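Take a look at the structure below.
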Amino acid sequence: IRVFYVFFQECSKKQKNDDTQSTSVDALSSNDGLEEKNEFHTLANAKILLSDCLACDNCMTSEEGARVFQQNQKELFRILNLNKKCDTSKHKVLAVSICPQSLPYFAAKFNLSVNDAAKRLCGFLKSLGVHYVFDTTIAADFSILESQREFVQRYQRRNQEEHALPMFASACPGWIRYAERVLTNLVTSHICTAKSPQQIMGSLVKGYFARQQNLSPDKIFHVIVAPCYDKKLEALREDFYTALYNSQEVDCVLTSGEIVQIMEQKNVSMKDVTEVAVDSLFDEVKEGDVVRHDGKRSDGYLEHIFKHAAKELFGMDVKEITYKALKNKDFQEVTLEKDGETVLRFAAAYGFRNIQNMVLKLKKGKFLYHFVEVLACPGGCLNGKGQAQTEDGKPDKALLNQMEEVYAAIPVRLPETNMHVQKMYQDWLEGMDSKKVQETLHTKYSAVNQTASNLDIKW
């Protein structure tokens, strides 16, 4: 990805040579020297490169930086070692949720089918002491369904509300951070309020699952395995924190690459691990084969919302979507015509060059799109910097091509067909239009800082 973060004092005032600088900041917190030595103490410390920074002069505070740096392998092993101690009152139930875009990485890297990769990854995590391993696809189901409904509502209000359209997708935390810190109110009012799949999974694990298991949310330590580093910062948002239990919905985010580092540290190969079926949030049921949503490289917000809007707003049943590449392969548009008129115009904008061009058009009042699926990473989520780069920081194009092939071959399941989701809307969320749905599945995005020259950044 293009976005990563460094301590405020390290990069808020950059020197001109920062673009080529590879200075790193040690990710250890100040008390690391006091940590108890254990079998995992030799794990590599996370490094943060100034060359990975967004360079927008709106870096995180030092407090935020310290909290992000705590989200590494050592935090996982701190909980694992805590659970080995005799004082059971301090034990945590350790749950790991895996993003669908991470599984193709493990499949391609270890030459496995995606189903075998999921089961072996589950087996490896449980061999470490993890209690539950979940698939976040169900959380993406909720996020897509809520985004679909919100788009239709915004479209119907477009003549009454100035900021109803366009609507921007909200699943990418790098894009969200940039919008809030740099683009301010020009953009934030247009962002869909549906939570990302990661944070909905946090609500499912710390809310629904905790209740099913008769556990207090603070007794669960919830880890997300994701393709990008920005997910670490997303987990720390104040709106994803429950003061009553002093608990974040997601306690720690590890990238796919960080999981492989753990395997390497323990001299374990995925091919040597026993296969274990992935857990389900529902009773003792296990997950079946891996499924995905429509979309070439992401959770498919554009395709699902486009087809839903065509049906709900214009009574048209769209089976296949045709993408038209514009300036580059990471900026594509999709249109719907009825009676010779273009009634829907959607776009996919991946990477910050395309995001900047999109925002400049919005600022000039020349924006034609009703919805844009925005992702910070060129190439989409599979190209997250936490899994799709070589050791020297360069994109691993061969691996990315393999991941795209693996991902494209996964069967598609429409979120509307997930019976568990429909049942949870009624039994847990008190209906699709309830206040609890808004509280549990939605959030708000607002401007944090303003920088006069932000839109003049050269990417």
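The values are calculated or read from the model by the stated rules, or taken from the named source; none is laboratory data. Given the structure is predicted, the values throughout are model-derived calculations rather than measurements. So basically every Cβ, Gly included, is an ideal-geometry build from the backbone, and we count neighbours across all protein chains shown. Accessible surface areas use protein heavy atoms only, side chains included; no ligands, DNA or RNA. Shrake-Rupley method; radii C 1.70, N 1.55, O 1.52, S 1.80 Å.
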Would you grab the residues whose amide H sits under 5 Å from the one on Asp135? Only those 5+ places off in sequence or on another chain, please, with H modelled 1.01 Å from N.
-> Ile98
Sites matching GluC sites (Glu not before Pro) across region 73-177 that sit in DSSP coil, with at most 14 neighbouring C-beta atoms within 10 Å | Glu161, Glu162
Heavy-atom surface of region 281-324, accessible at 1.4 Å and reported per residue (Å²) = 53 Å²
Proximal charge balance of Ile321 [Cβ under 9 Å; K/R count +1, D/E count -1] | -1
Just check region 78-155 against the gyration tensor rule for me: Cα atoms, a ≥ b ≥ c as the square roots of the eigenvalues, rounded for a/c under 1.5, and otherwise prolate or oblate depending on whether a/b exceeds b/c.
-> oblate
Can you figure out the FRET efficiency of Lys296 with Arg158, using R₀ = 25 Å and their beta-carbon distance, to the nearest 0.05?
-> 0.35
Here the alpha-carbon Rg of region 256-387 over 2.2 N^0.38 Å rounds to 1.41
Round to the nearest 0.05 the FRET efficiency obtained for Asp272 and Ala409 when R0 = 25 Å and r is the Cβ-Cβ distance.
-> 0.55
Mean accessible surface per residue for region 143-224, computed with a 1.4 Å probe while every protein chain stays in place, in Å² | 29 Å²
For region 291-360: rounded, prolate or oblate by the Cα gyration tensor [a/c cutoff 1.5] | oblate
Heavy atoms of Thr242: accessible area, 1.4 Å probe, square angstrom to 10 = 60 Å²
Note to self: with every protein chain in place and a 1.4 Å probe, region 364-420 gives an accessible area per residue in Å² of 52 Å²
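List the chymotrypsin sites (Phe, Trp or Tyr not before Pro) in region 312-352 that DSSP assigns to loop (not H, G, I, E or B) and whose Cβ has at most 11 other Cβ atoms within 10 Å. Which are they?
Nothing satisfies the criteria.
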Give the long-range amide H neighbours of Val278: residues separated by 5 or more places, or on another chain, with amide H under 5 Å away, using H modelled in the peptide plane at 1.01 Å from N.
-> Glu287
Taking H placed 1.01 Å from N in the peptide plane, check which residues at least 5 places from Ile191 or on another chain put their amide H under 5 Å from its amide H.
-> Phe168
Measure off 7 Å from each Cα along the Cα-to-Cβ vector at Asp392 and Arg211, then give the distance between these two points in nanometres to one decimal.
-> 5.4 nm
Highest to lowest packing among 88-101, 192-205, scored as the average C-beta count within 10 Å | 192-205, 88-101
Qualifying trypsin sites (Lys or Arg not before Pro) for region 221-327 [loop in DSSP, other Cβ within 10 Å: at most 10] | Lys319, Lys327
